[in-house]
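Working notes for the structure below.
The values are calculated or read from the model by the stated rules, or taken from the named source; none is laboratory data. As the structure is a prediction and not an experimental result, all values here were calculated from the model. Quick reminder, even Gly has a Cβ in these numbers, built from the backbone with ideal geometry, and neighbours come from all protein chains shown.
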Amino acid sequence: MNSNFTIWITGLSWSGKTTLSEALYQKLSHEYNYQIACLDGDVFRRAFTKPLDFSSDGRRWNIETAALVSKILNEQNISVIGAFISPYEKDREWIRESVQNYIEIYLSTPLEVCEKRDVKWLYKKARDWVIKGFTGISDPYEIPRNPNLSIDTNICSIDDSVNQIIVLLREKKLI
Ligand code: ADX
């Protein structure tokens, strides 16, 4: 049995994706000695998909590229934590089909909480129409239909969130 997995963390900007992925990475790589790679939307776009915009095509290419990289890593025995807004159900379905043992974590942190956390003022710029097509304001976020876990990081601590994912991975006999 191949026990590589791809944990896909989806949710609005500032919902807590990067923080959770980093904490999960620490736990899995240091406590469980697991070979893990973290792919984070902001970093990934700067490194690999810089020319892509935030149109639905641009987002699709971004996610498809990330899914392809995840698949290549999985094939080399490296599990992946992906932290991308990935707002469209059809794009997330595409990842599900592409990678080994896809686990979907939906961060359901409410929009108003995400907006309050946003020290970069992106939501404000979106509301003022300085940024167009911003997820949650002027571009849709399609709520996952069937995530493996939903976590509201406004209610659930980082440690509890990580532990919930560890329990899930154990239940699935992936760790
Ligand atoms: S995705 O939609 O293609 O999955 P991704 O996770 O890679 O998005 O990148 C999201 C980051 O890009 C946000 O955290 C934010 O910093 C930045 N960003 C810039 N423009 C937009 C936009 N129009 N919508 C959402 N995020 C944006």
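A few notes on this one:
- Here I105, I166 are screened, and the one residue that is in a helix (DSSP H, G or I) and aliphatic (A, V, I, L, M) is I166.
- Within segment 86-95, considering residues that are touching a residue at least 40 places away in the same chain (Cβ under 8 Å) and charged (D, E, K, R), the one nearest to the ligand (Cβ to nearest atom): R92
- Residue match in segment 151-159 (condition: under 23 Å from R45 (Cβ atoms) and either within 15 Å of the ligand (Cβ to nearest atom) or touching a helix residue (DSSP H, G or I) at 6+ places or on another chain (Cβ under 8 Å) (or both)): yes
- In summary, E75 fulfils each of the numbered conditions (1) within 10 Å of T6 (Cα to Cα); (2) at pLDDT below 95 with the single exception of condition (1).
- The residue that is surrounded by the most Cβ atoms within 10 Å (Cβ to Cβ), among those in segment 61-93 that are small (G, A, S) and over 17 Å from Y25 (Cβ atoms), is S86.
- In segment 105-148, of all residues being more than 9 Å from the ligand (Cβ to nearest atom) and at positive phi, the one that is surrounded by the fewest Cβ atoms within 10 Å (Cβ to Cβ) corresponds to W129.
- In this entry, V130 is excluded by the filter for residues that are within 17 Å of L20 (Cβ to Cβ) and over 15 Å from the mean Cα position of the chain (by Cα).
- Positions within segment 112-145 being touching a Leu at 6+ places or on another chain (Cβ under 8 Å) and under 28 Å from L169 (Cα atoms), in sequence order: C114, Y141
- Residues in segment 34-52 that are basic (K, R) and either touching a residue at least 40 places away in the same chain (Cβ under 8 Å) or buried (at least 17 other Cβ atoms within 10 Å of the Cβ) (or both): 1 in all.
- Which listed residue is within 15 Å of the ligand (Cβ to nearest atom), buried (at least 22 other Cβ atoms within 10 Å of the Cβ), at pLDDT 95 or above and closer than 26 Å to I137 by Cα, from G58, G16: G16
- 1 or more residues on the phi > 0 side of the Ramachandran plot and touching a strand residue (DSSP E or B) at 6+ places or on another chain (Cβ under 7 Å): qualifying strands (runs of 3 or more DSSP E) within segment 1-96: 6-11
- Matching entry among A37, A23, A83 (being of a type in the set (A, V, I, L, M, F, W, C), more than 14 Å from the ligand (Cβ to nearest atom) and within 19 Å of L168 (Cβ to Cβ)): A23
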